[in-house]
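The values are calculated or read from the model by the stated rules, or taken from the named source; none is laboratory data. Computed from a prediction, not measured in an experiment: that's the story for all the values here. Because the Cβ atoms are built from the backbone with ideal geometry, glycine has one as well, and the counts that use them run over all protein chains shown.
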Amino acid sequence: MAVNITYNSYAFPNVFSPYSYTQTPTEATLSFNTLITADTAHNMLAAEAAMLAAVKQIKKDFAVDFHSVSEFNLGNLKGGFVASVTAHKMPNSDLRTETSRPYKITITFLLPYTQDNHKILGTWTMCKSESKQTTFSFHAIYSATEATPPLSATAIARADFFTWCESIVTAFKDPDEIYERLHEDLHSDIHDRRATANATYRQILYEYSTIPAKIYDGVTQYSISISPSSACGLIKYRESPPLVTLSLSFRGFISKLETHTQPTQDYKRYIKEQLVREGVAILDISGLGFTTPYQIFVTSSSIYFNPSNYSFSGSMTLFGLLKNNIDNRILSYRETAQVTSDESWVRNKLWDGKDYTYHSYSSGKQAFLNRCIFISSVSQMSFLDIPDILPKWFVQPNVDGRWVLNSHNENHSQEAMGFTRDITDTTPQTFIFQSSWFLDYTFMNEDGEVQTIVEVT
């Protein structure tokens, strides 16, 4: 039976058995023997070189005829065919002479895969994190079609892969779960006969209700720090409202397919507003002692956008009060006092010729107090708001008398809290007032009498 085998326009001469053929759904292998002959040894070398030059190239047309009946007629640009040839010279053979060379030829070639929407391989995994967040990972290999002209493996993958992925996600997710496609990649061989696709879908735990279609892989973090309440003031202010600092940050990606995308405006108009709203909700459920209504103010805000990969991030710091009422408007109160006592000793040297001798007598004790008060408040404080000093502060209890104010001076300043030029900032705006007083006292007897002798006759 005549067998004609051609590869890369080279017809193998004198094809003979044994023949071997194996096939899987995706590839096949044909092996046979061929005897190269020539009339002279010189021509033999040239014929051998011609055969080796033809088979060393890959992805060439390949045809097999058995007794004039076509068995294979495959080309690299149709049918998904990709071929490679191995030529093995037979040693110690009786057919090997000066004018003949026997070779074992093995041709391996890919086959077009027509099942499962041309999906040669499809695998997926579902895993849950410690927080029970679900992630799906997909992997698939596609074959080109055998049509003329063929559809490329990439075109087949694009038509089927994501539909297949989303069908799996839909089948296994809970009804109320929301997923986003985070990562995807697709690559193929040089002639697009085989294409490999990968994708990752992750469950969204924190849904951005305003612009979910634009944002991918969004991550938000909140951090709360508390300055606990502490006793302050002498009598009037026993407790100041605890202060809270809420720091929050956001990062994510915006699809470049969105037309007229303005990441900075989107952040300011949607994300920032939502973060503040959600931040207030977090404070409500934090169990940290918040009592509504309370005030919260933006103290700083920033945004960063990277146009090279359409990533953006933003951060804010908010200042809040756990309580908000007129009777408890002090944010912080600090008071210091310096007491100076003078025994008023008068010493006159005795001129008795002795060292260190004095006539000493006291004209009466004196005591002075310098008091410094520093108050941070949400409303302007006046001198009348200062707590009164205790009558015998820093004086022995058995001593009659009280502190009498000599003079005082005060300083006031205000700091804008939450005031920005951003018209999209919907958080409250107010002033924090910083006030300080410096007071001088003299300790006097109980009735406060001061006698002055004007003239003695």
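Inside region 146-237, counting only strands (runs of 3 or more DSSP E) that do not spill past its ends, which hold 1 or more residues that are under 25 Å from the mean Cα position of the chain (by Cα) and at pLDDT below 80?
By residue number, 215-227.
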*Only one of (1) surrounded by 12 or more Cβ atoms within 10 Å (Cβ to Cβ); (2) under 24 Å from Glu258 (Cα atoms) is not met by Thr163, so which one is it?*
(1)
*region 117-140 - residue that is among the charged types (D, E, K, R) and touching a strand residue (DSSP E or B) at 6+ places or on another chain (Cβ under 8 Å) and, of those, farthest from Ala155 (Cα to Cα)*: Lys128
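Out of the residues in region 304-326 that are of a type in the set (A, V, I, L, M) and crowded, with 17+ Cβ neighbours inside 10 Å, which is modelled with the lowest pLDDT? Can you show your working first?
Going residue by residue through region 304-326, those that are of a type in the set (A, V, I, L, M) are 316, 318, 321-322, 326.
The next check asks that each one be crowded, with 17+ Cβ neighbours inside 10 Å; those that pass are 316, 318, 321-322.
Numbers: Met316: 87, Leu318: 83, Leu321: 71, Leu322: 65.
Across region 304-326, the extreme among qualifying residues is Leu322.
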*Say whether the condition of being in contact (Cβ under 8 Å) with a residue 40 or more places away in the chain, in contact with a Gly (Cβ under 6 Å, 6 or more places away or on another chain) and closer than 24 Å to His191 by Cβ is met by at least one residue in region 48-69.*
yes
_Breaking point among (1) without any contact (Cβ under 8 Å) to a residue 12 or more places away in the chain; (2) among the charged types (D, E, K, R); (3) touching a helix residue (DSSP H, G or I) at 6+ places or on another chain (Cβ under 8 Å), for Lys128_ = (3)
*Hey, Asn76 hits all of (1) surrounded by fewer than 17 Cβ atoms within 10 Å (Cβ to Cβ); (2) part of a loop (DSSP other than H, G, I, E, B) but one; which does it fall short on?*
(1)
*Take region 244-270 and flag every residue that is modelled with pLDDT under 75 and closer than 27 Å to Ser379 by Cβ.*
none
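Under the condition of being at pLDDT 85 or above and under 13 Å from Phe109 (Cα atoms), which residue from region 79-88 is surrounded by the fewest Cβ atoms within 10 Å (Cβ to Cβ)? Explain how you work it out, then say what you get.
First, the residues of region 79-88 that are at pLDDT 85 or above: 83-88.
Among the residues that remain, those that are also under 13 Å from Phe109 (Cα atoms) are: 83-86.
Working: Ala83: 24, Ser84: 15, Val85: 23, Thr86: 13.
Filtering region 79-88 for residues that are at pLDDT 85 or above and under 13 Å from Phe109 (Cα atoms), the one surrounded by the fewest Cβ atoms within 10 Å (Cβ to Cβ) comes out as Thr86.
Looking only at region 123-144, filter to residues that are among the hydroxyl-bearing types (Ser, Thr, Tyr) and in contact with a Phe, Trp or Tyr (Cβ under 9 Å, 6 or more places away or on another chain); which one of those is farthest from Tyr206 (Cα to Cα)?
First, the residues of region 123-144 that are among the hydroxyl-bearing types (Ser, Thr, Tyr): 123, 125, 129, 131, 134-135, 137, 142-143.
This time we only want the ones that are in contact with a Phe, Trp or Tyr (Cβ under 9 Å, 6 or more places away or on another chain), so: 123, 125, 134-135, 137, 142-143.
Values: Thr123: 28, Thr125: 23, Thr134: 13, Thr135: 15, Ser137: 20, Tyr142: 35, Ser143: 39 Å.
My answer is Ser143.
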*asked:* Six or more apart or on different chains, Cβ atoms under 6 Å: show the pairs whose first residue is in region 333-350 and on the phi > 0 side of the Ramachandran plot and whose second is part of a strand (DSSP E or B).
replied: Ser344/Ser362; Ser344/Gln366
*asked:* Can you find, within region 133-149, the residue that is farthest from Ile168 (Cα to Cα) among those that are surrounded by 15 or more Cβ atoms within 10 Å (Cβ to Cβ) and aliphatic (A, V, I, L, M)?
replied: Ala144
